[in-house]
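The values are calculated or read from the model by the stated rules, or taken from the named source; none is laboratory data. Bear in mind the structure is a predicted one, so any value in this text is a computation, not a measurement. Please note: Cβ atoms are built from the backbone with ideal geometry, for glycine as well, and neighbour counts cover all protein chains shown.
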Amino acid sequence: MAGRKLGIVTLWNGIVPFAAGAMLAIAWGRPASALLVMSAAAALVAAVLVAVHHAEVIAHRVGEPFGTLVLALAVTVIEGSLIVSMMLSGGPEQSALARDTVFATVMIVCNGVVGLCLIAGSMRHHVVAFRVEGTVPALAVLSTLAVLTLVIPDFTRATPGPTLSVPQLSFVGVVSLTLYAVFVLVQTVRHRDYFLPVGSVDENEHAAPPTTSAAMASLALLLVSLVAVVGLAKVLAPLIESAVGSAGMPQAVVGICIALIVLLPETLSAVRAARKDRMQTSFNLALGSALATIGLTIPVVAVTSILMGLPLILGLPPTELTLLALTLLLTSMTLVGGRATVLQGAVHLVVFATYLFLAISP
C-alpha cells in the first residue's frame, strides 16, 4: 500500500508541471471565462505545490545552501524575463514596473515571508536559532543594493525626477551584479558553513539522497513548474487588474498580487523549513530571493532601458521610502541576535500588513 501511494505521489509530481504548462498554452491570449479562470487558478496552485517538492528533492541532493540558491535563481530569472517582456510590450507606461516589482519583493520577503517563518518556527519550537555570520552579511548586501537602486535615484541631480542618467544606471547595474556575484561566491564556496542550518531536526536529513538522474529530472520539472507559475500569474493578471479597478484600488496593487503569486513556491518552502526548525534555510530562501531579484533583475533592466531607449523610474515615493527604511532597520534588529521568538514574527507581519494597507489605501 505504501509503495502504491508513493507511486501515485511520484506520478502526480511528474504530470502536474506539464499539465500546468498545457493549461498555460490553452489560456494564453484567450478571453477570460469563468471556467478558464478556475482551471488556470487550480493549475497554478498545483504547480506551486509541485515546485516546492522538486526544490526539496534538489536541496536534498546538492545540500545547503545550493538547494535554496537553485530555487531563488530559477524564480528570479523567469520573473526577470517577464518584467523585460512587459517593459518591451508596454513601453513608457511600464517605466516604473521594475521599481515596483523590486520594492514589492523586498517588502514581501523581508516582512511577509520572514514574519511567517518566525511565527511558524517559534510556535512549534518556542525559540528559533540561525547563524548571524550568514544572515547579517546577506542583509548588508540587500540593504546596499536596495539603497543604490530604490533610494539614490531620488536624490541624484543628473536627470529630473526619480531616475538615473545612462552612466549612473550603468554603474548601478554593474555594482549590483558584482556584489551579488561576490555574495554567491561567499555563500557557496568561501564560507558555505555560515549558511548551514543550526540544530536541524529534519527527518529527511539522514535519508539517502536521491540519485543524480532523479535530481536532474526534478530540476527540469522545477523549471517547467516555475514557468507555468509565472505564466499563469500573467494570464490571471487582467482579471486581477479588473477586480482591483472595480474596487477603486491603485494599480500598484496588481503588481503586488502578481509578486505574491510568483513568490509562493519560495514562501511555502521557507515556511516548511521553519516548521522543521531549519530557520537558516528559511532565511537563505527569503533573503536570497530578494538579493537575486535586485542583483539580477536591475542589471538586465538597465541594459534593456539603455539599448531600447526606454524610460526607467527607480526612486521610491516618500511613503515607500519610509517603509523600506523601517523594514531594513527591523530586519537588522531581528537578525543580529541569532535567535528570535514569536514577537519578532508578529512585528514583521504588522509591518507587512501596513504595507498592504497603504498600497490599497495610499
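Before moving on, here are some points about what is shown:
- Region 185-197, subset more than 18 Å from residue 58 (Cα to Cα) and either crowded, with 16+ Cβ neighbours inside 10 Å or polar (S, T, N, Q) (or both), residue modelled with the highest pLDDT: 186
- Within region 318-347, tally of residues that are touching a residue at least 40 places away in the same chain (Cβ under 8 Å), surrounded by fewer than 19 Cβ atoms within 10 Å (Cβ to Cβ) and more than 21 Å from the chain's Cα centre (by Cα): 7
- Count of region 318-345 residues, restricted to those that are touching a helix residue (DSSP H, G or I) at 6+ places or on another chain (Cβ under 7 Å) and assigned to a helix (DSSP H, G or I), is 16.
- Residue list for region 326-362, restricted to those being among the small types (Gly, Ala, Ser) and in contact with a strand residue (DSSP E or B) (Cβ under 8 Å, 6 or more places away or on another chain): 338, 340
- Residues that are hydrophobic (A, V, I, L, M, F, W, C) and touching a residue at least 12 places away in the same chain (Cβ under 8 Å), drawn from region 27-42: 27, 28, 32, 37, 40, 41
- Residues of region 133-151 classified as in contact with a Leu (Cβ under 7 Å, 6 or more places away or on another chain) and either among the aliphatic types (A, V, I, L, M) or surrounded by fewer than 22 Cβ atoms within 10 Å (Cβ to Cβ) (or both), total: 11
- Residues of region 225-266 that turn out to be under 20 Å from residue 52 (Cα atoms) and either assigned to a loop (DSSP other than H, G, I, E, B) or touching a Cys at 6+ places or on another chain (Cβ under 9 Å) (or both), as a count: 2
- Hits in region 105-124 (condition: among the aliphatic types (A, V, I, L, M) and touching a strand residue (DSSP E or B) at 6+ places or on another chain (Cβ under 6 Å)): 118
- Considering residues of region 169-184 that are surrounded by fewer than 17 Cβ atoms within 10 Å (Cβ to Cβ) and more than 19 Å from the chain's Cα centre (by Cα) only, the residue nearest to residue 135 (Cα to Cα): 182
- Test for residue 278: is it of a type in the set (D, E, K, R) and surrounded by fewer than 24 Cβ atoms within 10 Å (Cβ to Cβ): no
- Matching residues, region 281-311, being among the aliphatic types (A, V, I, L, M) and surrounded by 24 or more Cβ atoms within 10 Å (Cβ to Cβ): 285, 286, 287, 290, 291, 292, 294, 298, 301, 302
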